[in-house]
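Undergrad: Take this structure first; my questions come after.
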Amino acid sequence: MFAMKAKEDLVKVGINQVDFMDVEFAFPERLKQYNVIYMNGGNPFHLLYHMKKSGADFIVKDLAEQNTVFVGGSAGAIILAPNIDVVNHFTPQLNSVDMQNLAGLGLTDIAVFPHYDRDDLFPNTAGKSIEVRLKEFEHINECSVVRMKDDESILIQ
């Protein structure tokens, strides 16, 4: 559903050829033929795990140096950062692939927290808001996290 919406949006802005590829099952070398790569949402642990397992992470890093445009939605945006520690802090139960190394792709030094306005996705038994928990995370990890609501985007150059 979200992938089809992304395809519609990309076509609307003039990208006429949109292909789908799952790095878990496809050859990551296929990525080299594209000028724009959209990384979809889903489970950030799963996506990053398969990017690393397939070698797509190295290809993506090389493509970034060649000025390929990357668009990340939700999990796709999270894994572009230096690490996915914030995901582990909020939703460690999503780590069904038992990732120990939470290093992201490192295409940007900006860590994002998508769905900032979705308390339903990040319930807390202690009654703490997402903002309070993010501030705790930032303090503990001495970092800054960009908060993004579902209708927001950022451009990183």
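Undergrad: Give the residues of region 122-157 that are closer than 20 Å to Asn43 by Cβ, exposed (fewer than 14 other Cβ atoms within 10 Å of the Cβ) and not acidic (Asp, Glu), sorted by residue number.
TA: Passing the criteria: Pro123, Asn124.
Undergrad: Could you tell me whether any residue of region 11-33 is in contact with a strand residue (DSSP E or B) (Cβ under 7 Å, 6 or more places away or on another chain) and closer than 30 Å to Asn101 by Cα?
TA: Restricting attention to region 11-33, the residues satisfying the condition of being in contact with a strand residue (DSSP E or B) (Cβ under 7 Å, 6 or more places away or on another chain) are 15, 31.
From what's left, closer than 30 Å to Asn101 by Cα: 31.
For region 11-33, residues in contact with a strand residue (DSSP E or B) (Cβ under 7 Å, 6 or more places away or on another chain) and closer than 30 Å to Asn101 by Cα: present.
Undergrad: Residues that are open to solvent by 20 Å² or more (accessible area, probe 1.4 Å) and over 30 Å from Ile140 (Cα atoms): which helices (runs of 4 or more DSSP H) entirely in region 1-94 hold 3 or more of them?
TA: Numbers: elements: 2-12, 44-54, 56-65, 75-78, 85-90.
Result: 2-12, 56-65.
The values are calculated or read from the model by the stated rules, or taken from the named source; none is laboratory data. Remember, predicted model here, so these are calculated numbers, not experimental data. Counting neighbours? That spans all protein chains shown, and the Cβs are built from the backbone with ideal geometry, glycine included. We work out accessible area using only protein heavy atoms, side chains counted, and drop any ligands, DNA or RNA first. Shrake-Rupley method; radii C 1.70, N 1.55, O 1.52, S 1.80 Å.
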